[in-house]
Amino acid sequence: MKKQTNTNAVAQTGANKRVHNRADIPGRIFIHDENRLFSAPMKNISAGGLYVGGLAEFPEGREVYVVVKSPYIEGGSIQARGTVVRVQGTDSEKGLAIQFTHISPSTQTLIQQTVDEERTNNEVHLHLVKGGKD
C-alpha cells in the first residue's frame, strides 16, 4: 500500500492557512451527525483535521462525529468531533474537509506522531530513490 505525504505548503490566503502537516494515510472514515451514518475512504489526516473522499452529503458548518480506522494508526482507530469546513461536490471528485473541534490531546499527539513518521519514511524513500544524492 503506497502512502504519500503532503506538506502544509498551500496558498496562505485568508483563513485558509494550514497549521498542521498532513499525510495521505490509508484508512476508512465513519462519519455521522444526529441522523445519518456514512463510510468512506480517508484521503489525508493531520492533527487538526482530515479529508474524506467520496462524500458531499454534509453541508459546510455541520458538526459531525468521526471514527478513523487505519492499520497505520497505533491502536487501529481514533474518534473525534469536528466541523465540515469545505465541501467538494464535483462529478469527478467529491469530498469533505473536516476540522477537529473536540479531540483529546493524546489522540491529537498520536495523529501527529503518525504523520511525522510517514513524512520521515517518505524522505528516506526519496533519498534512496535519488541514489543517496542530496
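So, in segment 72-106, exactly how many residues are under 14 Å from GLY27 (Cβ atoms) and among the aromatic types (Phe, Trp, Tyr)?
Adding up the residues that qualify gives 1.
Name the single residue, out of those in segment 48-59 being among the aliphatic types (A, V, I, L, M) and within 8 Å of the chain's Cα centre (by Cα), that is farthest from GLU117 (Cα to Cα). Lay out the reasoning, then the answer.
Taking segment 48-59 and keeping what is among the aliphatic types (A, V, I, L, M), we get 50, 52, 55-56.
Narrowing the set further to residues that are within 8 Å of the chain's Cα centre (by Cα) leaves 50, 52.
Numbers: LEU50: 17, VAL52: 21 Å.
The extreme case among them is VAL52.
Every residue in segment 55-83 that is under 12 Å from HIS32 (Cβ atoms) and part of a strand (DSSP E or B), please. Give the derivation first.
Residues of segment 55-83 under 12 Å from HIS32 (Cβ atoms): 55, 57-58, 62-67, 79, 81-82.
Those that are under 12 Å from HIS32 (Cβ atoms) and part of a strand (DSSP E or B): GLU63, VAL64, TYR65, VAL66, VAL67, GLN79, ARG81, GLY82.
When you go through (1) crowded, with 16+ Cβ neighbours inside 10 Å; (2) farther than 17 Å from PRO26 by Cα one by one for THR109, which number turns out not to apply?
(1)
Residue-by-condition table, conditions (1) in a helix (DSSP H, G or I); (2) more than 29 Å from GLN79 (Cα to Cα); (3) out of contact with any Ser or Thr (no Cβ under 7 Å at 6 or more places or on another chain); (4) modelled with pLDDT under 90:
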residue	(1), (2), (3), (4)
ALA97	no, no, yes, no
THR101	no, no, no, no
GLN108	yes, no, yes, no
GLN112	yes, no, yes, no
ASP116	yes, no, yes, no
ASN122	yes, no, no, yes
LEU126	yes, yes, yes, yes
LYS133	no, yes, yes, yes
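For segment 17-40, how many residues meet the condition of being farther than 13 Å from VAL115 by Cα and surrounded by fewer than 14 Cβ atoms within 10 Å (Cβ to Cβ)?
6
The values are calculated or read from the model by the stated rules, or taken from the named source; none is laboratory data. What you see is a predicted model; the values in this text were computed from it and never measured. For neighbour counting, all protein chains shown are included, and Cβ atoms are generated from backbone atoms with ideal geometry for every residue, glycine included.
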